[in-house]
Amino acid sequence: MARRSSPTPPPGDFEERILDVDVVDEMQGSFLEYAYSVIYSRALPDARDGLKPVHRRILYQANEMGLRPERGHVKCARLVGEVMGRLHPHGDASIYDSVVRMAQPFSMRLPLIDGHGNFGSLGNDDPPAAMRYTESRLTAASMSMVESIHEDTVDFGPNYDGSEQEPGVLPAAFPNLLVNGASGIAVGMATNMPPHNLAEVVAAARHLIKHPTADLDTLMRFVPGPDLPTGGRIVGLSGIRDAYESGRGTFKIRATTAIENVTARRKGIVVTELPYSVGPEKVIAKIKDLVNAKKLQGIADVKDLTDREHGLRLVIEVKNGFVPEALLEQLFKLTPMEETFGINNVALVDGQPLTLGLKELLEVYVDHRFEVVRRRSEFRRRKRQERLHLVEGLLVALVDIDEVIALIRSSDNAAQAKERLMERFSLSEIQTAYILDTPLRRLTRFDRVELEDEQQKLTGEIAELTEILESDTRLRNVVSTELGAVAKQFGTPRRTVLLAAGAVPSAALTVPLEVADDPCRVLLSSTGLLARTTDGEPSEGSEQRARHDAVASAVTATARADVGLVTSAGRVLRLPVIDLPQLPAGGAVSLAGGAAVSEFLRLEAGERALALTTLDESSPGLALGTLQGVVKRVVPEWPANKDEFEVIALKEGDEVVGAVELATGDEDMVFIASDAQLLRYPAGQVRPQGRPAGGMAGIKLSEGARVLSFTAVDPAVDAVVLSVASASGTLAGAEHTTWKVTPFEQYPRKGRATGGVRCQRFLRGEDALAFAWAGAVPALASAANGSPVELPERDPRRDGSGTPVTGQVAAVGSRA
């Protein structure tokens, strides 16, 4: 028990009184009063207009201030001050937060405040500016919320100090609670309602008006699920069905994503829509935490490219070697890219918090609209009846206007004139007062015609309003028609995609996260593009020619291995195969889907990519030929801890013109010089050397000659030699250019470091070869831009002259 003593009484005849109060009763009573105050006055929305008191007061006061859409914006501080001073004495922060939320298009499906300035960002990553900077006014949608509020459509009550009157509910021309949703935490209860599509909700409400006994399944044909302002995808519809039936349920929201090539080297997951109330900064922070904790692998970088023009765009770059689909499933599982929304439809009905299903919510709103339209019709009919009463009295006076004027002039005072008019013409006191107050200029013949037209119009309007009030069918039609007009004016297409639980297969269950270390071929095209492809049957149309289809070099590797790129400077650069773009399997002839060497490796000025090597130490080794006729076989001992290393010590002015990885060691090495000398000898004549060595003599060059081509050809396969002769050894601008394709077996083997044999006889005007190549067939030639060039027929004459060139050949290689 607790004892509460009254204050000490003043001296006199008063006796001290002590009241004993049970502390349990006192706590219960005080807590219930507090809980009811929080529930009714702050935390829960009214089921009729879907607004909490603070939101309702903001809209009402903004309307009273004249902040309509056709007028200019005013500072939010002014609106907040008016609301706080007149209606809502709970601090400016809570009022301004409510103004901000009603202005955010990513929070409200149909914003009620037209904001000007920084009103925050999705997920509150960027907080709104202070209210002294931002400006606001009502939107057209919020005008329909307060429409006809001064036509006795809703009840008013005193404000906190009794000095003002405020509405207990707004007329609400559209079902705001379902359209914009609500959230709030009260004492012992909470509400969390998702937004919906206006057109869908109105369609369901209109169906319910026409068919009051409609069941939930019928209504869900119109409202299949929430429609969130931020879009996204709702996965699983069973929880939505439960919420619409009982008022409680859950559903999952997934971000809208697409897998794209974000760079030439990498794929990425592009996020264009996030779950409701989730911002990009929250997702980025979570991804970084998971990557740092080594709980998430495969993320190369995360970029937020969101802007006002393109909207949300979050790019998550995926490391090469990881499957984007499987990584996306992990992101859904571990980050806010997939969130669970718990529906709890708690709202006030007649001042009591109730949990409502979809049909109950629609019924409460529809009944509210019936009451609003009924009261509005009664108000308008009453106003028109009052006006008709005055018009009829004025028409009576106009019939005998001379007698009326004479009667007024003969009266001693206004009171006597009023009594005499009432008695003479059987007028009411209101009609008589109106006649006496009417200026003489209104008593013309034209004004009488206007009054008769007005009388007829008022009579028709009164009859129409009476029909609405006396006919339930007519009342329902009016409410349904007005709802349809609102939906037509403010309705927008659905943003959120609804997916059944089985409609979204989980890639994580079927696809491993990392790319398997499968065998593949690494290709270098004649135009300097790199790619990888797996072996398979040739695809349909693979025999057709295409750009970038001449393969200058190809090696066999695995997806997670490294290969080497040999350059003209005698260097080998390590290249991870997994970084290369993958071409379709099965004999694709075009390397247009590849990426340039510069995307992966940095070459020095003037340095060219020549060939690929496997970095396999069990191979016969790499063979090199230089501009000055040096040949070298490199011992396959590659340093594992270096990304680049030299494989030949070049003399000053020399460079590597050809490189090839030997397959068996039984190939023939082939030099072709600019003076049309070709030297062929077995690879066994070249002793393998270590990487620092400078090689040995490969071909004996005549004065002024240089090596154009160095290759290794398997004598067991069908091969050819292509030679192109021109003036001064150049193709560009040459007046006389010829070429010739000769079978490889026409050239006999000679000893190493000899001069070889002639491969083409120069015609008049030709003095050097401009291009040469030897290799297996079928061979594909291409121009400098990669376009295909058709080669001439074979000429069996080893020392014969060529035929005129039909295309500018720049490279020759095999089919991809």
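Bear in mind these aren't lab numbers, they're just calculated from the coordinates by the rules spelled out. It should be emphasised that the depicted structure is a prediction, and the values quoted were computed from it without experimental measurement. Note: ideal-geometry Cβ built from the backbone for every residue, glycine included; neighbour counts use all protein chains shown.
Quick rundown of the values:
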| read-out | value |
| --- | --- |
| Neighbour-count order for LYS488, LYS418, fewest beta carbons within 10 angstrom listed first | LYS488, LYS418 |
| Rounded FRET efficiency, nearest 0.05, which uses the C-beta distance separating VAL315 from THR492 and R0 of 25 Å | 0.35 |
| Calculated FRET efficiency for the pair ASN785/ARG764, C-beta based, R₀ 25 Å, to 0.05 | 0.20 |
| Extension gain (nm, one decimal) between TYR133 and VAL291, 0.36 nm per residue minus Cα-Cα | 53.0 nm |
| Spin-label pair ASP301/GLU637, simplified geometry with 7 Å Cα→Cβ offset, distance in nm | 4.0 |
| Extended-chain gain in nm, criterion 0.36 nm per residue less alpha-carbon gap, GLU429 and MET189 | 80.7 nm |
| Within the chain: Cβ-based charge dipole about Cα centre, in debye rounded to nearest 20 (Lys, Arg +1; Asp, Glu -1) | 2460 |
| Surrounding net charge for LEU327, when Lys and Arg each add one and Asp and Glu each subtract one, Cβ distance under 11 Å | -1 |
| Residue exposure sequence - ASP46, ASP402, ASP517, ASP155 - by fewest surrounding Cβ within 10 Å | ASP402, ASP155, ASP517, ASP46 |
| Top positive-direction residue, dipole computed over region 88-146 with Cβ charges, set GLY120, SER144, PRO89 | SER144 |
| Nearby lysines by direct alpha-carbon distance to LYS740 (threshold 29 angstrom, same-chain neighbours under 8 apart not counted) | LYS632, LYS700, LYS750 |
| Most positive-pole-ward Cα, TYR60, THR534, GLY658, against dipole of the chain from beta carbon charges | GLY658 |
| Rounded if a/c under 1.5, otherwise prolate or oblate - region 51-171, Cα gyration tensor axes | prolate |
| Listed peptides 753-761, 477-485 by packing density, highest first (mean Cβ within 10 Å) | 753-761, 477-485 |
| Set of region 44-64 residues, backbone N closer than 12 Å to the point 7 Å along the Cα-Cβ line of TYR160 | 54 |
| Stretch gain in nm, segment ALA596-ARG794, where the contour uses 0.36 nm per residue and the Cα spacing is subtracted | 68.0 nm |
| Of LYS52/LYS383; LYS252/LYS282; LYS383/LYS488; LYS52/LYS359; LYS286/LYS319, pairs whose Cα-Cα distance is over 27 Å | LYS52/LYS383; LYS383/LYS488 |
| Of the trypsin sites (Lys or Arg not before Pro) in region 777-816, those whose Cβ has at most 14 other Cβ within 10 Å and which sit in DSSP loop | ARG797 |
| Rounded, prolate or oblate (a/c below 1.5 giving rounded, otherwise prolate when a/b exceeds b/c) for region 519-815 by Cα gyration tensor | oblate |
| Value in Å of the Kirkwood radius, where region 367-490 supplies the Cα pairs that are averaged | 16.9 |
| Of the trypsin sites (Lys or Arg not before Pro) in region 54-85, those whose Cβ has at most 14 other Cβ within 10 Å and which sit in DSSP loop | ARG71 |
| Cβ-derived FRET efficiency at R0 35 Å, GLU470 paired with THR355, nearest 0.05 | 0.45 |
| Those aspartates and glutamates that a straight Cα-Cα span of less than 17 Å connects to LYS75, excepting residues fewer than 8 apart in one chain | GLU64, ASP92, ASP97, ASP114, GLU135 |
| Nearest-ten-degree value, helix 76-86 long axis tilted from longest Cα axis of the chain | 30 |
